[in-house]
Amino acid sequence: MSDCCHNTDDLKQLQQRQSGTLRIVLVINAVMFMVILTAALYADSSALLSDSLDNLGDALTYAFSLYAVSLGMRSKARVALFKGMLILLAALAVWGQIIYRLIEPSVPVFELMGLFSVVALIANSTCLALLWRHRGDDVNMSSVWECSRNDIVANVSVFVAAGAVWLTEAAWPDLLVAICLASFFLRSSIRVLASARSELREA
């Protein structure tokens, strides 16, 4: 009986730690979405816009993950399945922006791209550090960590694109990075969806 109570207390403490971490990263990503979206519109950058959409997707993902903390494994797997769909939608949105820029080309403002990619990198590195210890807790938290890791890749990619736009004075590096990010998001969504389906079968 005491072991059962002890296990219950441990589970509650774990859920409280997960909830506290998710609240922090949720606020960070919601704020960064607005900041990066504004910068992307001013900079006319597809890569930076994809970065902002990634932050929006993450904010929604963290909100659903916060809801799923105290749920059973089957419910957590269903939430992870939904999060995988959100990542997929973000990828499709980026592809839509890429097609638009191919039709209506313009050279982005590389200074804004570089500056705000660094700002986003600092914010998302903080999120990744906070989520690191929870990455193996369950399917819910592992999918959250997957989203946060995607953010780091996106931020570094946008920074590289800014440098390439500066060197070439052309728009193609911005579009190239946006294409790479869209492909990366697509692959990540497939991984999260596969993991969620596997958890559902086991549950």
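The condition (being over 12 Å from the mean Cα position of the chain (by Cα) and surrounded by 21 or more Cβ atoms within 10 Å (Cβ to Cβ)) is satisfied by just one residue among Ala63, Ala120, Ala93, Ala39: Ala39. Taking (1) out of contact with any Cys (no Cβ under 6 Å at 6 or more places or on another chain); (2) at pLDDT 75 or above in turn, Val25 satisfies each apart from (1).
Just one of the numbered conditions (1) under 25 Å from Gly163 (Cα atoms); (2) buried (at least 19 other Cβ atoms within 10 Å of the Cβ); (3) at pLDDT below 85; (4) hydroxyl-bearing (Ser, Thr, Tyr) is not true of Ser45: (3). With respect to the conditions (1) at pLDDT below 85; (2) in a loop (DSSP other than H, G, I, E, B); (3) of a type outside the set (D, E, K, R), Trp145 falls short on a single one, namely (2). The numbered conditions (1) outside any helix (DSSP H, G or I); (2) surrounded by fewer than 17 Cβ atoms within 10 Å (Cβ to Cβ) are all true for Pro108 except (2). In this entry, Arg191 is excluded by the filter for residues that are assigned to a helix (DSSP H, G or I), in contact (Cβ under 8 Å) with a residue 24 or more places away in the chain and over 21 Å from Leu53 (Cβ atoms). Can you confirm whether Ala170 is in a helix (DSSP H, G or I) and either surrounded by 21 or more Cβ atoms within 10 Å (Cβ to Cβ) or hydrophobic (A, V, I, L, M, F, W, C) (or both)? For Ala170, the condition - in a helix (DSSP H, G or I) and either surrounded by 21 or more Cβ atoms within 10 Å (Cβ to Cβ) or hydrophobic (A, V, I, L, M, F, W, C) (or both) - is not met.
Conditions tested, residue by residue: (1) of a type in the set (Gly, Ala, Ser); (2) over 30 Å from Leu22 (Cα atoms); (3) in contact with a Ser or Thr (Cβ under 6 Å, 6 or more places away or on another chain).
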{"residue": "Leu92", "(1), (2), (3)": "no, no, no"}
{"residue": "Leu112", "(1), (2), (3)": "no, no, no"}
{"residue": "Ile122", "(1), (2), (3)": "no, no, no"}
{"residue": "Leu128", "(1), (2), (3)": "no, no, yes"}
{"residue": "Val144", "(1), (2), (3)": "no, no, yes"}
{"residue": "Ile152", "(1), (2), (3)": "no, no, no"}
{"residue": "Asn155", "(1), (2), (3)": "no, no, yes"}
{"residue": "Val165", "(1), (2), (3)": "no, yes, no"}
{"residue": "Pro173", "(1), (2), (3)": "no, yes, no"}
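None of Leu66, Leu71 is aliphatic (A, V, I, L, M), closer than 26 Å to Leu200 by Cβ, modelled with pLDDT under 75 and not in a helix (DSSP H, G or I) except Leu71.
The values are calculated or read from the model by the stated rules, or taken from the named source; none is laboratory data. Bear in mind that the values here come from a model prediction, so they are computed numbers and not experimental data. Every residue, glycine among them, receives a Cβ derived from its backbone with ideal geometry; neighbour counts consider all protein chains shown.
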